[in-house]
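Contents: one structure, followed by commentary.
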Amino acid sequence: MQLFSATSILLAAFLGTTTHGFVPSSSSSLSSYQITQSKNAISTSLSSSSNEDDSTSFVDNAITIASSLSSLFGHTIIVKYGGNAMTTPELATLFCEDIATLQKLGLRIVVVHGGGPMINAMLEKVGVESRFEGGMRVSTEEVVDVAAMVLCGSVNKNIASGIVHAGGRALGLSGRDDGLLRCEKLWGGEDKSLDLGNVGQVMTVNTQLIDDLLDQGITPVIAPIGMGCVGEDDERVVYNINADVAAGRIAGELKAARVLFLTDIAGVLDKDMKLMDRLSCDDIDGLIEDETITGGMIPKVTYATDAVKLGVKGAFITDGRVPHALLNEILAGGAEGMGSGGGGTVVTL
């Protein structure tokens, strides 16, 4: 389609990093840019190449992007935006620009966000103690009050307004709005006897509300604070929901084409610390069994496999610290749409 090719040319010229296979070109004397990331800063180094090489790279990138858009146009993509990927205002701005760009390209984007570091800061400020058990925050009523204030307030509205400032459309919601996320109490531990307080397990998703907003070209920005199920004793209880779990469940209920978990890791690494860019659910089971995947990585890959088993075609564990990580992973996969091959791990059936 002509729209895709025109947009692809613009994107290929503007975006892309050598890390993810995108090498932008320009007619000026600065013929290409190589974006590299260090721990505290992003440095830009200039390199030169022949006009012929530039032209070939430019065309290849444009074709790849056009193929990606052709296969994903009109489909729904869920993005989990984690607190640990919100490391700088600059990255937050780039994330919002990515969402606005994908909207304009005809993709239906839903954002589910966390905000753990912000919650921790507020809990400390107001003097409320909290602890974690099995990767879950034990959520007393006081902890949930603070989490809801932070997530549904400043964090949610800053993301939604950032997308709007970037030229997109977004509406901030919590899981309590219109019964978006109905929950039951989640018990922890292998024997499900550990009381985590008011931590919720999502039972139902108001997909009609999400689809109505997407049909109007609006990105729902969802804070993972839910409520009890209709008619149950805990119907009025406010639940704190793990954002990864919420994103995976929403993706599954919507039968999304993709779900991306933006986090602060490079992806799943093998025992030689090399990135494994694509894994099946069976692969992951084996890697957990032989202890290649251990510790905090286990819940991350579990959220991804759960989403895939619910019907999502691909779940991405992506390093959200990389500038424009979202655009790179969605647009660099070509017709297959399975990521750039260097920006994280894609999980499929």
Discussion item. Principal axis extents for the range 188-233, Cα atoms only, whole Å, descending order, please.
Written reply: 44, 23, 15
Fill in: Size descriptor, Kirkwood hydrodynamic radius, that averages inverse alpha-carbon separations across the range 152-194, Å
12.9 Å
Worksheet, complete the sentence: The long-range amide H neighbours of residue 107, using H built 1.01 Å from N in the peptide plane and a cut-off of under 5 Å, are 74
Worksheet item: What residues qualify as long-range amide H neighbours of residue 219, i.e. H under 5 Å apart, gap of 5 or more or another chain, H built at 1.01 Å from N?
Response: 169, 170, 171
Discussion item. What are the extents of the Cα atoms of the range 264-320 along their three principal axes, in Å, largest first?
Written reply: 31, 27, 18
Worksheet entry | Sequence ranges 323-330, 165-172, ranked by mean other-Cβ count within 10 angstrom, highest first | 323-330, 165-172
Worksheet entry | Pairwise FRET efficiency - residue 124 versus residue 161, Cβ, R0 = 35 Å, nearest 0.05 | 0.85
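Return a whole-number percent for the relative contact order of the range 174-277, with Cα pairs under 8 Å and 6 or more residues apart as the contact set. Kindly include the intermediate steps, with their values, before the conclusion.
Working: 153 pairs, mean separation 25.9, N = 104.
Rounded, it is 25 percent for the range 174-277.
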Fill in: Per-residue ³J(HN,Hα) for the range 237-250, Karplus 6.51 cos²θ - 1.76 cosθ + 1.60, θ = phi - 60°, Hz, x for Gly and Pro
6, 8, 10, 8, 10, 4, 5, 5, 5, 4, 4, x, 5, 4
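Express the Stokes-Einstein translational diffusion coefficient of the range 214-349 in µm² s⁻¹, to the nearest whole number, given a Kirkwood radius over alpha-carbon pairs, 25 °C and a viscosity of 0.890 mPa s.
Details: Rh = 15.9 Å.
Estimated via Stokes-Einstein, D reaches 154 µm²/s.
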Worksheet item: Across bins of 5 angstrom width beginning at 0, how are the C-alpha pair distances of the range 112-260 distributed, in whole percent?
Response: 2, 10, 18, 22, 21, 14, 8, 4, 1, 0
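Sorted by packing (mean other beta-carbon atoms within 10 Å per residue), highest first, where do 246-258, 55-67 land? Can you show the working numbers first?
Values: 246-258: 24.5, 55-67: 18.3.
Taking the mean over residues of other Cβ atoms within 10 Å, the ranking is 246-258, 55-67.
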Worksheet, complete the sentence: Taking a straight Cα-to-Cα line shorter than 18 Å from residue 309, and setting aside same-chain aspartates and glutamates fewer than 8 residues away, one finds 244, 253, 282, 283, 285
Item to complete: Scan around residue 80 for amide H atoms under 5 Å from its own, H built in the peptide plane at 1.01 Å from N, and keep only partners 5 or more places away or cross-chain.
Response: 112, 260, 261, 262
Practice prompt. Can you find, among 231, 343, 243, the residue farthest towards the positive end of the dipole of the range 225-349? Put +1 on the C-beta of Lys and Arg, -1 on that of Asp and Glu.
Written response: 343
Fill in: Relative pair counts by distance (%), Cα atoms of the range 72-159, 5 Å bins
3, 12, 21, 20, 16, 12, 8, 6, 2, 0
Fill in: Distance (nanometres) between label positions extended 7 Å along Cα→Cβ at residue 348 and residue 194
3.4 nm
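How much of the accessible area of the range 71-116, probe 1.4 Å, is carbon plus sulfur, in whole percent?
Details: 810 of 1420 Å².
Within the range 71-116, the accessible surface is 57 percent carbon and sulfur.
The values are calculated or read from the model by the stated rules, or taken from the named source; none is laboratory data. Everything numeric in this text was worked out from a predicted model, so none of it was measured. Note that each Cβ is placed from the backbone with ideal geometry, even for glycine, and that neighbours are counted across all protein chains shown. All accessible areas refer to the heavy atoms of the entire protein, side chains included, with ligands and DNA or RNA removed. Shrake-Rupley method; radii C 1.70, N 1.55, O 1.52, S 1.80 Å.
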